[in-house]
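Notes for the one structure printed next.
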Amino acid sequence: MVLGGIAAVPSYYALLFRARTRLDDSLDVVAAHGVGGITGALLTGVFAQRSWNGTADGLLFGNVAQLGTQVVAVMATMVYSGVATFVILTVIGAIVPLRATHKEEGVGLDVTEHGEEAYSRGEGAILIREERRGVSRT
């Protein structure tokens with residue numbers, strides 16, 4: 001729970017940062033899961049304790065190398081994910097177009113692809129007026 005509480009802080013600020021930019025991270029997956037996951041993985045190297053995991057202590061318990069191991073694991077995961085995603089998207093892109101239209105980009109992929117917005121209040125929020133059977137909804 002401590003790791004989750006600490007990892008929520010950089011994740012929250014990544015969400016705020018994304019809202020101030022023109023980046024379209026559909027449903028803020030990178031800010032929420034990427035930043036939080038990386039932070040949690042690195043903090044595992046700080047808080048790990050042999051009495052809990054049966055394997056190794058972390059930085060707080062005298063094993064500086066465990067934090068280095070976690071850094072290498074995070075970097076390897078990022079490289080693997082990037083290369084695998086590139087290969088998959090290259091294959092799919094050869095079959096069907098992957099590019100969103102300018103209108104879809106302008107409105108945001110949260111709305112056009114998922115039918116919702118990740119954060120509907122505050123900075124970065126947009127309001128889409130949907131009309132059905134003569135009834136207007138916001």
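In region 1-28, what residues are surrounded by 12 or more Cβ atoms within 10 Å (Cβ to Cβ), modelled with pLDDT of 85 or more and of a type in the set (Ser, Thr, Tyr)?
Within region 1-28, Ser11, Tyr12, Tyr13 qualify.
Scan region 31-64 residue by residue and report those that are at pLDDT below 90 and not polar (S, T, N, Q).
Ala31, Ala32, Trp52, Gly54
Which pairs turn up if I take residues in region 107-123 that are at pLDDT below 70 and look for partners that are in a helix (DSSP H, G or I) with beta carbon separation below 6 Å, at least 6 apart in sequence or on another chain?
What qualifies is Glu117/Asp110; Glu117/Val111; Ala118/Leu27; Ala118/Asp28; Ala118/Asp110; Glu123/Ala19.
Run Asp57 past the list (1) among the acidic types (Asp, Glu); (2) open to solvent by 70 Å² or more (accessible area, probe 1.4 Å); (3) assigned to a loop (DSSP other than H, G, I, E, B) and report the number of the one that doesn't hold.
Among (1) among the acidic types (Asp, Glu); (2) open to solvent by 70 Å² or more (accessible area, probe 1.4 Å); (3) assigned to a loop (DSSP other than H, G, I, E, B), Asp57 violates only (2).
Quick grid of which residues meet (1) closer than 18 Å to Val2 by Cα; (2) surrounded by 17 or more Cβ atoms within 10 Å (Cβ to Cβ); (3) touching a residue at least 60 places away in the same chain (Cβ under 8 Å); (4) of a type in the set (Lys, Arg):
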| site | (1), (2), (3), (4) |
| --- | --- |
| Gly37 | yes, no, no, no |
| Ala41 | yes, no, no, no |
| Thr44 | yes, yes, no, no |
| Trp52 | yes, no, no, no |
| Val64 | no, no, no, no |
| Leu67 | yes, yes, no, no |
| Val72 | no, no, no, no |
| Gly82 | no, no, no, no |
| Ile88 | no, no, no, no |
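Taking region 58-115, which residues are out of contact with any Leu (no Cβ under 6 Å at 6 or more places or on another chain), closer than 17 Å to Gly37 by Cα and among the hydrophobic types (A, V, I, L, M, F, W, C)?
Val71, Val72, Ala73, Val74, Met75, Ala76, Met78, Val79
Any idea how many residues of region 97-113 are part of a helix (DSSP H, G or I), open to solvent by less than 70 Å² (accessible area, probe 1.4 Å) and of a type outside the set (Ser, Thr, Tyr)?
Residues that pass the stated criteria total 6.
Which pairs do you get when a residue that is within 24 Å of Thr44 (Cα to Cα), found in region 6-29, comes within reach of a residue that is in a loop (DSSP other than H, G, I, E, B) and open to solvent by less than 70 Å² (accessible area, probe 1.4 Å), reach meaning Cβ atoms under 6 angstrom, with the pair 6+ apart or on two chains?
So the pair list comes out as Asp28/Ala118.
The values are calculated or read from the model by the stated rules, or taken from the named source; none is laboratory data. Nothing here was measured: the structure is a model prediction, and the numbers come from that model. Here Cβ is always computed from backbone atoms with ideal geometry, including for glycine, and neighbour counts include all displayed protein chains. What goes into the accessible areas is simple: the full protein's heavy atoms, side chains included, and nothing from ligands, DNA or RNA. Shrake-Rupley method; radii C 1.70, N 1.55, O 1.52, S 1.80 Å.
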